[in-house]
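To start, I am sharing the structure in question, which I have written as structure tokens.
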Amino acid sequence: MIRALILAPLLFVMVLFALSNPQPAHLGIWPTDLSLELPLSIALLIFAAVAFLLGALVVWIGALGAHLRVRRTAQSVRMLEAQVADLKQRLAAAEAKPAMQIERPGTAVQSLS
């Protein structure tokens, strides 16, 4: 719903722009003989779309490093959580064992705990 409220006015402005700029524009690529004649509005909208996609690519490449750091950190957290669980298990097993008993000559068996 919110997308439609944002997208509808943007599309409306783009259609108005396209309808109000029908004059032809001659587009050429310099070292080649490649040329194209399009309405000015279409040429500008295509240029804006290409610029938007290039900007999105730059942002995506910039965010790639952060995503990799997050992935490595999450992997480290999982490894550390597994170590904590293992240590808790060892501690519980050690507490469940009876204490070691030592016999001294001439006395009864005594507990260390």
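The values are calculated or read from the model by the stated rules, or taken from the named source; none is laboratory data. Predicted model, so just to flag it, every value in this text is computed and none were measured. Cβ: placed from backbone, ideal geometry, glycine included. Neighbour counts: every protein chain shown.
Kindly provide the set of residues from the range 14-26 that are under 19 Å from Ala49 (Cα atoms) and touching a helix residue (DSSP H, G or I) at 6+ places or on another chain (Cβ under 6 Å), ordered by number.
Result: Phe17, Ala18, Asn21, Ala25.
Whether any residue in the range 86-94 is surrounded by 10 or more Cβ atoms within 10 Å (Cβ to Cβ), modelled with pLDDT of 95 or more and of a type in the set (A, V, I, L, M, F, W, C) is what I want to check.
yes
A further question on this structure: Give all pairs with beta carbons closer than 9 Å in which a residue from the range 1-30 that is under 17 Å from Ile46 (Cβ atoms) and among the hydroxyl-bearing types (Ser, Thr, Tyr) meets a residue that is exposed (fewer than 10 other Cβ atoms within 10 Å of the Cβ) and modelled with pLDDT of 85 or more; count only pairs at least 6 apart in sequence or on separate chains.
none
Go through the range 9-68 and give me each residue that's among the hydrophobic types (A, V, I, L, M, F, W, C), outside any helix (DSSP H, G or I) and out of contact with any Pro (no Cβ under 8 Å at 6 or more places or on another chain).
Leu27, Ile29, Trp30, Leu34, Leu36 - these are the residues of the range 9-68 that are among the hydrophobic types (A, V, I, L, M, F, W, C), outside any helix (DSSP H, G or I) and out of contact with any Pro (no Cβ under 8 Å at 6 or more places or on another chain).
Among the residues of the range 98-113, is there at least one that is modelled with pLDDT under 95 and assigned to a helix (DSSP H, G or I)?
So far as the range 98-113 goes, no, none of its residues is modelled with pLDDT under 95 and assigned to a helix (DSSP H, G or I).
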